[in-house]
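Please read through the structure below; I'll follow up with questions.
The numbers here are math on the coordinates, done by the rules we state, and not lab data. Here the structure is a predicted model, which is why all the values come from computation and not from measurement. Methodologically, a virtual Cβ is constructed for each residue, glycine included, from the backbone with ideal geometry; neighbour enumeration extends over all protein chains shown.
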Amino acid sequence: MREDYQALIDEVSQLLGTPATLEGRDFSLIAFGAHDSGDDDGQDAPALDAVRTRTILQRRSTPAVRAFFESWGIARATGPVRIPPDPAAGVVHGRICLPVRDRGVVHGYIWLLDDGALQLTDPRLAAAMTVADRTGAQLAAHARAEEHTGELLHAALAERGGAARDEALSGLRGALGDAATGPLALVAVLPWPRREAGDGTQRGPAPAALPRLAAQCLRDGALAALVRLRAPHGLDAARSTADRLLRSAAGHTLRAGAAATAGLSAPRTGLADLPAAWQEARAAARAAAAESLPSAIAEWDTLGPYRLLTRIPHTGPVPDPAVRQLLRPANSELARTAEVFLDCAGQAGRTAAALGIHRQTLYYRLSRVERLTGLDLDEGEDRLLLHMALKAARL
């Protein structure tokens, strides 16, 4: 599918003699083209544009750049839109935007670097708009197919079996073809921002911008993305997709205090075990939030105690009585000390080094933890209770 869009954007680049970029309606990069300036030393080539370079390298525009371009009415335009440079907004070079539409709905944008020489009445731009219309029709067709596949995935993730899920699995196998029998993994992004597309529907990123994406849907307040893996035991494609999805979620409104995290299921072969894979992916996303991981991505196979804790039904915000006092904000330093001590298998030297404190300070804090909780940190069962209670509190 990406090759189809690359051919279209190359056609625009060659037609107009200027670099062109195709982005989805969410400003995720789909394809980009270049042209030969005809000058061996490249002096006639357009100046390198930082916004275009960043878009190509990061595969999407920043929220600030997106807001700037949208302020020029490109989502409503039906023909070329000239956008002058605005260094204050980080846009050093001007643009000409060709809206990519189908049946009145915008599905993306073709961007041209503008040196001022091309007039909006130039017949070549009219020809380029014809290519943009073909691109819009293709994006729309893919979006409709992707929406249907997403509905099948949504039904296939249901925990309870039955005829409806069996029918969805059969339809999903037909929609995915050979990919349905290959190595797959599920990615969960939680929470997923509830934003509307131009036609009022709720969607994830444009599928053309995610080359390994097999299907996606919104379920249980999260985005579920089914990813084709390159190897049965390698999650690189799933990690890359998760990173792109988190970038797509960035800059959009989430509930107060929330930050999107992603979880990866263990690899699977085929579609038979999708509900279990979905539970793994959601559990990993919860664990990523609990541990505040720098990458905001966690994998089910590396969750440690969270593999057990996330399977326990959520019973409310009341903590175990043993840690109730310890979890009060005034005792956060003691709670952190206890958790690091238990993470370090009770080794005082490692714990003191991890916390950057003297051993005597560590011993004093641990004694206070014992008084607050009534637990004996020399007893294995008391340590287990405290450790699990502290980890559960994170969830």
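In region 320-368, with Lys and Arg counted as +1 and Asp and Glu as -1 at Cβ, which of these residues, Gln360, Gln347, Asn331, has the Cα nearest the positive end of the dipole, that is, farthest along it?
Comparing the listed Cα positions along the dipole, Gln360 ranks first.
While we're here: Kindly write out, for region 150-164 in residue order, the coupling ³J(HN,Hα) from the Karplus curve 6.51 cos²θ - 1.76 cosθ + 1.60 (θ = phi - 60°), rounded to whole Hz, with x marking Gly and Pro.
Computed from phi, the couplings for region 150-164 are x, 5, 5, 5, 4, 5, 6, 7, 4, 5, 7, x, x, 5, 5 Hz.
If you don't mind, there's one more thing I want to ask. Return the sequence-ordered ³J(HN,Hα) values of region 105-120 in whole Hz as given by the Karplus equation 6.51 cos²θ - 1.76 cosθ + 1.60 applied to θ = phi - 60°, using x for Gly and Pro.
10, 7, 10, x, 9, 9, 10, 10, 5, 10, 9, x, 7, 8, 8, 5
Given 0.36 nm per residue, what is the gain on full extension from Leu15 to Glu370 after removing their alpha carbon distance, in nm? Mind dumping the intermediate values first?
Numbers: separation 355, 0.36 × 355 = 127.80 nm, distance 7.52 nm.
Once the chain is fully extended between Leu15 and Glu370, it gains 120.3 nm.
How do the peptides 384-393, 66-75 rank, highest first, by the average count of neighbouring beta carbon atoms within 10 Å per residue?
Highest mean packing first, the order is 384-393, 66-75.
Work out, step by step, the length gained on full extension between Gln360 and His233: first 0.36 nm times the residue separation, then minus their alpha carbon distance; give nm to one decimal.
Taking 0.36 nm per residue and subtracting the Cα distance, the gain is 41.1 nm.
Another one. Testing the spin-label approximation: label points 7 Å from Cα along Cα→Cβ at Asp243 and Ala276. State their distance in nm.
Using points 7 Å along Cα→Cβ, the separation is 3.0 nm.
Simple spin-label model, 7 Å along Cα-to-Cβ: Thr181 to Ser71 in nm?
5.5 nm
Taking amide H positions as placed 1.01 Å from N in the peptide plane, with prolines and chain starts having none, which residues 5 or more places from Thr261, or on another chain, fall under 5 Å of its amide H?
Leu190
Compute the separation of the alpha-carbon centres of region 321-373 and region 379-395 and state it in Å as a whole number.
Value for the Cα centre distance between the two parts: 12 Å.
Which order, highest average first, do 238-250, 156-168 follow once you tally other Cβ atoms within 10 Å for each residue and take the mean per peptide?
238-250, 156-168
Quick one: divide the alpha-carbon radius of gyration of region 63-165 by 2.2 N^0.38 Å and tell me what you get. Before the final figure, lay out each step's value.
On the way: Rg = 18.9 Å, N = 103, 2.2 N^0.38 = 12.8 Å.
My calculation over the Cα atoms of region 63-165 gives 1.47.
Grab the Cα-Cα distance for Cys344 and Asp320, subtract it from 0.36 nm times how many residues apart they are, and report the gain in nm with one decimal.
6.4 nm
Starting with the highest mean, order 288-297, 114-123 by the number of other Cβ atoms within 10 Å, averaged over the residues of each peptide.
The peptides rank, most packed first, as 288-297, 114-123.
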